[in-house]
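The values are calculated or read from the model by the stated rules, or taken from the named source; none is laboratory data. Since the structure is predicted, the reported quantities are computational estimates derived from the model, not experimental observations. Here the Cβ positions follow ideal geometry from the backbone for every residue, glycine too, while neighbour counts run over all protein chains shown.
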Amino acid sequence: MSDITVFLIHYSDQTALYKAFMSLNSIRSRLRAVIVFQQGESTIRRVPDVNWSEKVRFLKIEDKKEEDILQDTISTLDTTYVLLLSSNGYLSTNMPPHSLQLAGNQSVLGTFKHNRDITIRLPLLVRTSFLKQQCLLTTSELPFKEALFPAWLSRMEGSTKRFKEGLVKQTRNNRSRNISERQKLIEKYQLEKSNTDHPSLSIIMSNYNMERYVQTAVSSCLLQNEQTEQLLIMDDGSTDDSRQRLERYCGNASVQLFSKENGGKARALNALLPHVTSDFILELDADDWLDPDAVSVIKKHLTKLPDDVAVLYGNLRKWKQLEEDVMFKGIAKGRPIKGRKNLLAYRFPLGPRVYRTSSLKRRGGFPVIDFADGRLYEDVSVLNRLIDHYRFQYQDFTVYNVREHKKSITKQNLDNWNAFLKSLN
């Protein structure tokens with residue numbers, strides 16, 4: 001009964017891959033094929049001495065994206081099941097072979113990955129027919145590749161999946177701060193879904209030539225454990241492929257996509273304001289992303305927000321963009337702000353910025369000032385306008401991720417900061 005195709009994904013060293021191979025001996029009678037997906041410059045090709053080595057093949061991920069290779073491969077399969085092992089995982093020697101079965105309407109058998117106090121759910125055995133219907137997210141939609149399967153699992157109905165402890169073990173755990181911060185964020189994909197009617201919250205986003213990052217931003221809004229009322233996106237005259245990438249989300253009921261000639265972020269966000277129907281607005285940059293619990297955490301703070309507060313903000317989690325990945329830099333802790341002088345002495349950016357919709361609209365939205373034709377520091381300009389009339393409130397929460405990269409407008413205009421401050425006086 002050869003009813004399983006095995007996928008081995010994201011293995012970076014021969015030892016971990018060898019252990020994964022050897023663990024498959026316990027189900028060798030069920031193996032149809034074992035496919036190793038090789039990333040980047042990896043050249044791991046040695047297969048251990050097993051009597052099913054002819055079933056092993058290696059697929060190099062080079063020019064095509066990983067998700068395209070995976071999805072193309074899935075579409076050709078005719079086995080009943082796909083078994084997924086990734087990174088440093090291998091089948092437990094204590095696992096009874098009959099554990100790898102799915103009954104009734106179950107489509108996914110999952111297991112758990114532990115690292116200190118972090119527990120991540122991962123799919124292990126999936127019905128091939130189900131995997132063909134429920135396509136994987138793309139790596140362009142996720143902050144890091146380790147989120148691929150946990151994010152996919154988060155979209156599944158509870159009745160289609162079951163989880164069992166002890167089916168998979170790890171050769172080792174990486175306990176670096178960079179890895180643990182990634183895993184803490186990934187862990188949030190498995191939070192219970194919730195729905196809080198009031199106060200209502202919308203997300204607004206301006207995009208200009210962020211084709212590499214904008215799908216991660218949008219996807220982070222749609223993968224929330226509590227959905228936002230609206231996701232309003234303005235494409236500000238992009239000349240790259242980002243508009244086309246955004247159009248694929250228009251089928252979602254909460255997403256509205258608009259476009260205009262390039263005029264800068266303040267004008268783009270102002271064009272969205274008339275379409276906002278919610279009590280509060282969260283501003284998200286097109287190159288940043290949200291934790292999966294951002295909406296639910298923010299709404300909890302908004303329920304206690306005094307009426308004279310126009311802006312709620314917290315902390316920022318910062319990541320440095322590498323060539324094909326991101327690296328955790330640290331948490332930028334916010335602090336309370338009282339008055340305009342205090343605001344302009346703040347170590348910007350202040351965020352995440354959640355505006356009371358009525359206050360923002362009453363004061364004319366985002367100022368288009370003379371300095372740089374209103375195309376720089378719109379976040380400071382609007383806060384500078386609001387602080388004269390309302391209070392701001394800081395709360396100690398971290399759900400917003402800032403991506404630091406060379407193409408950031410702020411990064412490219414650091415030398416203009418002092419001149420901008422003078423223009424406000």
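For G104, the conditions (1) without any contact (Cβ under 8 Å) to a residue 40 or more places away in the chain; (2) touching a Phe, Trp or Tyr at 6+ places or on another chain (Cβ under 8 Å); (3) at positive phi all hold with the exception of (2). Going by the structure shown, is F397 at pLDDT 95 or above, farther than 30 Å from S176 by Cβ and either assigned by TED's automatic domain parsing to the domain that holds P306 or not in a helix (DSSP H, G or I) (or both)? When the stated conditions are applied, F397 does not pass them. Inspection of the stretch 335-344 finds no residue satisfying the criterion of being at pLDDT 85 or above and in contact with a Lys or Arg (Cβ under 7 Å, 6 or more places away or on another chain).
Under 17 Å from the mean Cα position of the chain (by Cα), among the small types (G, A, S), crowded, with 18+ Cβ neighbours inside 10 Å and not assigned by TED's automatic domain parsing to the domain that holds L272: is that true of S154 in this structure? Break it down stepwise before answering.
Details: under 17 Å from the mean Cα position of the chain (by Cα): yes; among the small types (G, A, S): yes; crowded, with 18+ Cβ neighbours inside 10 Å: yes; not assigned by TED's automatic domain parsing to the domain that holds L272: yes.
Yes; evaluated as a whole, the condition is true for this residue.
Filter the stretch 204-217 for residues that are assigned to a helix (DSSP H, G or I) and touching a Leu at 6+ places or on another chain (Cβ under 7 Å); which is surrounded by the most Cβ atoms within 10 Å (Cβ to Cβ)? Quick ask: steps written out before the conclusion?
Filtering the stretch 204-217 down to residues assigned to a helix (DSSP H, G or I) leaves 214-217.
Within this subset, residues satisfying the condition of being touching a Leu at 6+ places or on another chain (Cβ under 7 Å) are 214, 216-217.
Values: V214: 29, T216: 25, A217: 26.
For the stretch 204-217, the residue satisfying everything is V214.
L201 meets each of the listed conditions (1) touching a residue at least 60 places away in the same chain (Cβ under 8 Å); (2) surrounded by 22 or more Cβ atoms within 10 Å (Cβ to Cβ); (3) more than 23 Å from L312 (Cα to Cα) apart from (3).
Pick out, from the stretch 304-365, the strands (runs of 3 or more DSSP E) lying fully within it that include 1 or more residues that are surrounded by fewer than 17 Cβ atoms within 10 Å (Cβ to Cβ). Walk me through it before giving the result.
Working: elements: 309-321, 326-332, 354-356.
Per the criteria, 309-321, 326-332.
When L269, L257, L223, L231 are checked against the criterion of being surrounded by fewer than 20 Cβ atoms within 10 Å (Cβ to Cβ) and assigned by TED's automatic domain parsing to the domain that holds Y355, a single residue qualifies: L257. Tell me whether the stretch 185-198 contains one or more residues that are crowded, with 21+ Cβ neighbours inside 10 Å, small (G, A, S) and closer than 26 Å to T277 by Cβ. Checked the stretch 185-198: no residue is crowded, with 21+ Cβ neighbours inside 10 Å, small (G, A, S) and closer than 26 Å to T277 by Cβ.
Just to be sure before I move on: is F280 surrounded by fewer than 17 Cβ atoms within 10 Å (Cβ to Cβ) and assigned by TED's automatic domain parsing to the domain that holds L302 in the structure I sent?
Details: surrounded by fewer than 17 Cβ atoms within 10 Å (Cβ to Cβ): no; assigned by TED's automatic domain parsing to the domain that holds L302: yes.
No.
Being over 20 Å from K193 (Cβ atoms) and touching a strand residue (DSSP E or B) at 6+ places or on another chain (Cβ under 9 Å) narrows it down to one of R175, R121, so name that one. Break it down into steps so the answer makes sense when it comes.
Working: R121 fails: over 20 Å from K193 (Cβ atoms).
None of the others qualify; the one that does is R175.
Looking only at residues of the stretch 147-174 that are polar (S, T, N, Q) and in a helix (DSSP H, G or I), we find that the one that is modelled with the highest pLDDT is S154.
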